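Report on the following structure.
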Amino acid sequence: MASRLTPQRRHRPCSAVAPLAVLRGIKLFATDVDGVLTDAGMYYAESGEEWKKFNTRDGMGIKLLQRAGIITAIVTQERTKLVARRAEKLTIPELHQGVMDKLTVIREMAARHGLSLKHVAYIGDDVNDLEALKAVGFSASPADGLPAVVAAVDYVCRKKGGEGAVREIIEMILEAQGSKLEVPSSGKRS
C-alpha cells in the first residue's frame, strides 16, 4: 500500500517514519463537517428541511478514538441542528459551529486540554480549513479536497469526504498508537 503523505510542509520531514511518530503523539482529533464527514452535498426537501449524509463507519471510528482516550472535536463554519444531533449521538465533547476562524478555536481547545498544536490532528477539505491544517501536528484532506488543501496537508486520503476519509485517518492514528480496532461494548451503530 503506497503512502500518500505529502512533502509540501518543509518544516516537517516527509519520510513515512516522521508521520508515524507524529501520529503516536495525537491527543486531540478535530474534523470539519461538510466535505469531510459528509459528501459536501446539501440536500433540501420541498418543505425546506436540510439533510446531510454521514458515514456510519466514520462515526464508529470516532467512538474508537474516544475509547482510546483521544479527545474528539467538530469545528465547522456551518451552524445546523443536524450537526449538533450527530455530535450528540457520537458524544463528541468539543462541538464548535459557526466558526469563522478555525485555527483560533483549535488553539483554544488544545490549550484547555493542556496540549500543544503538535498533539492535534485535523482533517479539512476547503480553503477555510487551510490555516488550521498548516498549524496542527498532523493534517489530512479527503481525496476530493480542494487542490490548495491537498497541496498543504500531510496526508491525502484514498477515500472521499463522507465515504470513509475520517475513518481512514482514525485507523492510522489508532494503529500508530497501538490501539486495537475493536467494537465498543455498546454494539450500537454510530
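The values are calculated or read from the model by the stated rules, or taken from the named source; none is laboratory data. Fair warning: this is a prediction, and the values are worked out from it, not measured in the lab. Every residue, glycine among them, receives a Cβ derived from its backbone with ideal geometry; neighbour counts consider all protein chains shown. Heavy atoms of the whole protein, side chains included, go into the accessibility calculation; ligands, DNA and RNA do not. Shrake-Rupley method; radii C 1.70, N 1.55, O 1.52, S 1.80 Å.
What the table shows:
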item	result
Filter result (at pLDDT 90 or above, in a loop (DSSP other than H, G, I, E, B) and aliphatic (A, V, I, L, M)) within region 151-190	153
Residue in region 78-101 that is open to solvent by 20 Å² or more (accessible area, probe 1.4 Å), farther than 19 Å from residue 169 by Cβ and in contact with a Gly (Cβ under 7 Å, 6 or more places away or on another chain) present	yes
Residues satisfying the stated conditions in region 30-58, i.e. modelled with pLDDT of 90 or more, among the hydroxyl-bearing types (Ser, Thr, Tyr) and open to solvent by 30 Å² or more (accessible area, probe 1.4 Å)	47, 56
Only one of 115, 146 that is open to solvent by 60 Å² or more (accessible area, probe 1.4 Å), at negative phi and modelled with pLDDT of 95 or more	146
Criterion: small (Gly, Ala, Ser) and either modelled with pLDDT of 95 or more or at positive phi (or both) - qualifying residue of 2, 84	84
Odd one out for residue 133 among (1) surrounded by 14 or more Cβ atoms within 10 Å (Cβ to Cβ); (2) at pLDDT below 95	(2)
Any hit, region 116-132, residues being more than 21 Å from residue 156 (Cα to Cα) and either touching a residue at least 60 places away in the same chain (Cβ under 8 Å) or in contact with a Gly (Cβ under 7 Å, 6 or more places away or on another chain) (or both)	no
